[in-house]
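This report concerns only the one structure given below.
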Amino acid sequence: MKLTDISGDINEWFSGSGPLADVVISSRIRLARNLAGHKFLSRCSASERSAILKELRDVLMPLELGDKIFYISVDKAPVLDRSFLVERYLISRHHAEGRGPRGVVIAQREFFTAMINEEDHLRIQVLKAGLQLSQCAEQMNHIDDAIEQKVDYAFSPRYGYLTACPTNLGTGIRVSVMLHLPALKMTDQIEKFFNAARDMNLAVRGLFGEGTEAAGDFYQISNQATLGVSEADIISQFENAIIPDIAEYEKAARTLLLSKQLDVLDDKISRAMALLGNAHLISSQEALFLLSHLRMGINMHEYMGASTPAIKRLCTQSQQDDDTDKTGGVSIATINRLFMLTLPAHLQLNYGKPLDPTHRDILRAKIIRSELASG
């Protein structure tokens, strides 16, 4: 299987569906594991890394997930392919830029990936659309149990699963939810969100995880403590309290925009429509920023019944197609496709060759104009 087999469309967890989908993009459960009898990667030789890679690949490839599974040697992959895998959330930036033998096992529908020789010997993740952490955990437990039947994990009765980073010690779990919070940003309340998250010992990261900015008003929020707390408690707290509360804050901010800052809201959406619909060069950062406003407008229309002048044009605009009028406007599916398919590595991989920044900006603008015109 080739990366171009999946690069032309969005993956299923980015579909815009699932519980609280107007705010919650996706849910992810990730486990960090190491093999007993082997050193941590920072102390491993190249031959030891190769042995770990082979052992885990042989265990992971036959897994029965109800989907095709394929493998990519990350250390041998071209830079463009590695960048694509990062944009696609299939590997971390650390894994892409690492050293030595390393690889990734991927389910074709991309709900499951397993990074081998990242920071730990094995990092497995399950992703689903919307707020579905319990469903992620159920599937993850099945996969983790299947793996543990064939390998011995490094485990301490006192400390739990042993990991390279002390913050993962214990359960080894990272619960992560990707949120779209444009109204909190627009109403200058995003710093309150950051402060509240820090007070609750939560990590807030940007679009592509640690060390990245919140492009497109996307934020990833995850737990920091894994020692002395159960997986079930972490998941329950996220699913039943933390994330629903944040979603309510974002919705309250959207209501505030509609009631007291309607001109600001309409101006943001109108400018985004005009620029995206007419620009002939556009950077990735600007595209994400403007598409974020359109996504908020569509969700406000679908979930809140909002019908401001700009939102009405966005969601119900008439289009001319073979001399026949049709209504429908721009959909969330279209916006989500543009979010992902106009990222730099996606653009180049689908185009078939590397492009310099200017030609990427030209191609990105062309794709956006075409997609928005067709809805």
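General observations
- Filter pass, LEU347 being within 20 Å of SER83 (Cβ to Cβ), at pLDDT 95 or above and buried (at least 16 other Cβ atoms within 10 Å of the Cβ): yes
- Cβ separations smaller than 8 Å between residues 6+ apart or across chains give the following pairs from segment 341-355 residues that are touching a residue at least 40 places away in the same chain (Cβ under 8 Å) to residues that are of a type in the set (Phe, Trp, Tyr): ALA345/PHE84; HIS346/PHE84; LEU349/PHE84.
- If you filter segment 327-338 down to residues that are in contact with a Gly (Cβ under 8 Å, 6 or more places away or on another chain), more than 15 Å from SER17 (Cβ to Cβ) and buried (at least 18 other Cβ atoms within 10 Å of the Cβ), you find that the one that is modelled with the lowest pLDDT is GLY329.
- For the condition more than 24 Å from GLN348 (Cβ to Cβ), surrounded by 13 or more Cβ atoms within 10 Å (Cβ to Cβ) and without any contact (Cβ under 8 Å) to a residue 24 or more places away in the chain, GLU48 qualifies.
- Scope segment 32-67; condition of a type in the set (Lys, Arg) and assigned to a helix (DSSP H, G or I); matching residues: ARG43, ARG49, LYS54, ARG57
- Yes/no for LEU90 being in contact (Cβ under 8 Å) with a residue 24 or more places away in the chain and assigned to a loop (DSSP other than H, G, I, E, B): no
- Conditions (1) more than 16 Å from the chain's Cα centre (by Cα); (2) assigned to a loop (DSSP other than H, G, I, E, B): number failed by PHE70: (2)
- Restricted to segment 291-309, and to residues there that are of a type in the set (Ser, Thr, Tyr) and closer than 18 Å to VAL24 by Cβ, the residue that is farthest from the chain's Cα centre (by Cα) is TYR303.
- Output for segment 93-120, where each listed residue is of a type in the set (Gly, Ala, Ser) and not in a helix (DSSP H, G or I): GLY98, GLY100, GLY103, ALA107, ALA114
- Condition check for VAL126: over 20 Å from PHE40 (Cα atoms), surrounded by 23 or more Cβ atoms within 10 Å (Cβ to Cβ) and either hydroxyl-bearing (Ser, Thr, Tyr) or under 16 Å from the mean Cα position of the chain (by Cα) (or both): yes
- From LEU80, LEU65, residue being surrounded by fewer than 19 Cβ atoms within 10 Å (Cβ to Cβ) and modelled with pLDDT under 95: LEU65
- Looking across segment 143-163, just one residue is within 24 Å of the chain's Cα centre (by Cα) and either modelled with pLDDT under 95 or not assigned by TED's automatic domain parsing to the domain that holds ARG30 (or both), and that is THR163.
- Here GLY277 does not qualify as of a type in the set (Gly, Ala, Ser), in a helix (DSSP H, G or I), within 23 Å of the chain's Cα centre (by Cα) and farther than 29 Å from SER134 by Cβ.
- Only one entry in ILE269, ILE243, ILE190 is in contact (Cβ under 8 Å) with a residue 12 or more places away in the chain, under 30 Å from LEU90 (Cα atoms) and in contact with a Leu (Cβ under 9 Å, 6 or more places away or on another chain), namely ILE243.
- Residues of segment 121-131 that turn out to be aliphatic (A, V, I, L, M) and part of a loop (DSSP other than H, G, I, E, B), as a count: 1
- The one condition from (1) over 23 Å from ILE25 (Cα atoms); (2) buried (at least 21 other Cβ atoms within 10 Å of the Cβ) that ILE106 does not meet is (1).
- Lone unmet requirement of (1) over 30 Å from GLY170 (Cα atoms); (2) in contact (Cβ under 8 Å) with a residue 40 or more places away in the chain for SER27: (1)
The values are calculated or read from the model by the stated rules, or taken from the named source; none is laboratory data. Because the structure is a prediction, the values reported are computed rather than measured. Positions of Cβ are generated from backbone atoms using ideal geometry, with glycine treated the same way; all protein chains shown enter the neighbour counts.
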